[in-house]
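What follows is a short report on a single structure.
The values are calculated or read from the model by the stated rules, or taken from the named source; none is laboratory data. Keep in mind that this is a model prediction, so the values were computed, not measured. Here the Cβ positions follow ideal geometry from the backbone for every residue, glycine too, while neighbour counts run over all protein chains shown.
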Amino acid sequence: MTKQIALRLPDDLVHFLDDLVATGAAASRADVVTRALLRERRRAAVERDVQLLIKHGEDEDLEAMVAWTSRQPLDLD
């Protein structure tokens, strides 16, 4: 399901969106905004994971970090 929303953006960002669409780098303005929001959601999830690792004091061993991360829920929605 999708919802239509209205938002205001500075002129320079609208020009950037339009350039991406005009050059074929994106299918539409909505495509660019969607990709940016998905990227931001992934960044926030990674930041959350890093903070959890710091808080719970797992050692710096990569295998231990991977094991700990694999036990965490994937609540990205």
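What tally of residues in the stretch 1-22 results from selecting those that are farther than 16 Å from residue 37 by Cβ and among the small types (Gly, Ala, Ser)?
1
So for the stretch 8-16 (the condition being modelled with pLDDT under 85 and either touching a helix residue (DSSP H, G or I) at 6+ places or on another chain (Cβ under 8 Å) or not small (Gly, Ala, Ser) (or both)), does at least one residue qualify?
no
I want to confirm something. Restricting to the stretch 29-49 and keeping residues that are exposed (fewer than 11 other Cβ atoms within 10 Å of the Cβ) and among the hydrophobic types (A, V, I, L, M, F, W, C), which single residue is modelled with the lowest pLDDT?
Applying the filter and picking the extreme gives 46.
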